[in-house]
Amino acid sequence: MNVYHRRFTRGKRPTVTKLLLSLLALVFGTADEPPRPFEDIAHALHPSDYYTEQASRWAEVVGGRCVTEADYLEYYLAARYANRRAGANYNLEDIAQQAATRLNTAGFALNYLRYVHRLEGDGYDYLRAAYAAAPDHRYIQHDMLGYAMISGDTKLATKLSQRLDRMDPYPTGIYDYNYNTLASVAENGILITFGDVDTYPAWVLQQTQGVRPDVLVVNYYLLGHKDEYAKRIFGAAGLAEQPAEEATDRLAQLRTSDRSLHLAATVGDRVDSLGISKEELYTFGLTFRVSDSPIENLGVTRRLYEDVWRLDQVRAPLSDSPQSRVSEQFSPNYLVPLIESLKQQPSPVQDHKLRELIDGIAHRNQLIARVATLLGETTGETPQLASNTPGLDTKSLLQRFRRSVPSRMVPRRKRPGSSLPFGMQENEVSNVDYQLFLQDLLRQRKFDYLDTAAILPADWASLLPDSIAALPKEVLFARGRPEEGQHPVLNISHRAAELYAAWLAQAYNQDPKRKEAREVRFRLPTAAEFELAARGGHENAPYPWGGPYYRNARGCILANLNTLLLDDEWTRGDYSGIAGGDESSKKSTIDPDCRDDGALITTPVWSYFPNDFGLYNMSGNAAEMTDIDGQTMGGSWLDGPEALKNGVVTERQLPSPTTGFRLVMEYVEE
């Protein structure tokens, strides 16, 4: 089970709105607030829009008159994170080249920027030059520690670890997580880690506090990409042979060492690509111990939980700050070992503290239903969600779905990878549809599932540019507020959409008076299914309407998108879609009824023309979930035209105020 998960917000239900508003105020601030110094995700985890906002503000600073060398570096680092975490499109090469012409070639800022950008080779010459220029700079300690560990300079590694711990310490919860992971390794074992946040803090703990110095902490990426590092690791592991070429082969060689091999719990789905069978993995605290034969591991986690692990931050996180969210993203990794430990007790129900810890992690990370399944508290993989009176009968259900699902095969061919045909819902799931589900759960007092399925509130104005957010509400919400009934439901988790699909199937299948006696299944579409449905039979068309452009011949915008991101002769940074002005320009040829895209945020789910399969808003309005958590397609009201193209997959942190879903319906074979 991969329980690595992130949330946009968390907290007890009565304080969610307050926390969200505080977070948005913290993130977006005011128009006059200066940009903030860069923070990497090992120290602070912000919503993805934060990085875009900061990059935009640093761009303004760099474009001004009083520019310092540090400003260019801050601009580059913010833009790089905006590209990686928010799907922005800053030209990092241009920023680096601009900096190269304006900054001191021997100074810290330019050399560190060149190292991060990797203009040439591995960039270590630039890193050393930056360190020589400013050895006490906060940004360089982390990178120099990596360099010291790669090169085997233990004296320098100790010095840097102490300096890093003093100048820019990791959040307490991250230190605790790495402490608990190190404690989970057998004596003199090898620990394979898979990222910065489960590697560097472990090194710092070893160097500064003497925590488990017997454990050889090996970063898998460095093992596969740095020959010098791999040779040093092999020597420390007591292996005389030369490292193989591929990372998986090097890992296989490490297994021949006399030292026990452990994978950090952060391995997640990577385990399928490591060349290690899952039958060879044994839960060992916060690690998976690799062994060819069965090992005794049942009491390990229990002992660690009772006597060793530091769990104060996991039991009661102090806040929902960006620093706390760095730690919280790893708390689900405790669930599997803790649940296994709970199951070992003669009377698990009486182990209240352990159960409270498990439930607290599950609540904060929307994993209540999955935990219930692991504990055997559900009769199957899908819980019973629909009551005997779910708020609609099969007739009304078919009215919502027959036009688009049972009768419209999309197209009339078999679902990719299956023997069953499938149909796509005609429109995005609306708020009014979703509210029936929530009301049915509420009537049954299924509060755990209500918490998982909750719609998180959003401050819509804060997501818009300041000039737009200041508009009167009747202008801002001219097509209705996003929370209104016929608008797409947004800002829910992937698990919530899965629960809604299960509830809908149960509501249909349990009715003996349903018009068709065959059993049906509802689910989220695969990426292949979504693309097939979006194309509407136009195999090579970039957009669902079959055309090559986001406007038609009259100049009308054909979907609800972010017109600030359009770049054509009719649009010049105008959020409504038409810049207006000179009557002699091409803008004067626009049809008066096509002055904009129709909405500043979302529109009702039946807006715009459907594609040739009769499906509405397969591009724009709400980005839509696929069957893979965090993977969305179709683009949203906040995206530019590239995200709206057929087949484009955009990674998003869910829940998101940009993202909703629609369902696939298929008949279950008898």
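Answer rounded, prolate or oblate for segment 119-229, using the Cα gyration tensor with square roots of eigenvalues a ≥ b ≥ c: rounded when a/c is under 1.5, else prolate when a/b is larger than b/c, else oblate. All intermediate terms of the calculation are to be shown ahead of the outcome.
Values: a/c = 2.00, a/b = 1.36, b/c = 1.47.
Judged from the Cα gyration tensor, segment 119-229 comes out oblate (a/c at least 1.5, b/c at or above a/b).
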Review point. Short version: ³J(HN,Hα) in whole Hz for each residue of segment 486-503, in order, from phi by Karplus 6.51 cos²θ - 1.76 cosθ + 1.60 (θ = phi - 60°), x for Gly and Pro, what are they?
Key: 8, 7, x, 5, 10, 6, 10, 7, 4, 4, 4, 5, 5, 5, 4, 4, 5, 4
Practice item. Step through the residues of segment 630-643 one at a time and calculate ³J(HN,Hα) from phi using the Karplus curve (6.51 cos²θ - 1.76 cosθ + 1.60, θ = phi - 60°), rounding each to whole Hz and writing x for Gly and Pro. Key: x, 9, 10, 9, x, x, 10, 4, 9, 9, x, x, 5, 5
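Of LEU565, LEU615, how do they rank once you tally other Cβ atoms within 10 Å and put the fewest first? Intermediate values should be presented prior to the final figure.
Numbers: LEU565 16, LEU615 21.
By the 10 Å Cβ count, ascending, the order reads LEU565, LEU615.
Output the pairs from LYS278/LYS446; LYS155/LYS226; LYS231/LYS278 with a Cα-Cα distance over 24 Å in this structure; if there are none, say none. Each step should come with its number before you reach the end.
Working: LYS278/LYS446 35 Å; LYS155/LYS226 20 Å; LYS231/LYS278 27 Å.
In this structure, LYS278/LYS446; LYS231/LYS278 exceed 24 Å between Cα atoms.
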Study note, to complete from the structure: Karplus-derived 3J(HN,Hα) from phi for segment 533-546 (6.51 cos²θ - 1.76 cosθ + 1.60, θ = phi - 60°), whole Hz, x at Gly and Pro, runs 5, 5, 5, x, x, 9, 4, 10, 6, x, 10, x, 7, x
Study note, to complete from the structure: Here the Cα Rg-to-2.2 N^0.38 Å ratio for segment 27-146 is 1.03
Check your understanding: What's the FRET efficiency of VAL61 with ARG166 using the Cβ-Cβ distance as r and R₀ = 41 Å, to the nearest 0.05?
Key -> 0.90
Review point. By how many nm would the segment from ASP359 to GLN653 grow when fully extended, if each residue of separation counts as 0.36 nm and the alpha-carbon distance is taken off?
Key: 103.6 nm
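State the extension gain, in nm to one decimal, for the chain segment bounded by ALA553 and ASP351, taking 0.36 nm per residue of separation less the distance between their alpha-carbons.
Length gained between ALA553 and ASP351: 65.9 nm.
Computed from the coordinates by the stated procedures, all read-outs in this text should not be read as laboratory data. Just so it is clear, the model here is predicted, and its values are computed rather than measured. In this analysis, Cβ positions are derived from the backbone assuming ideal geometry, glycine residues included, and neighbour counts consider all displayed protein chains.
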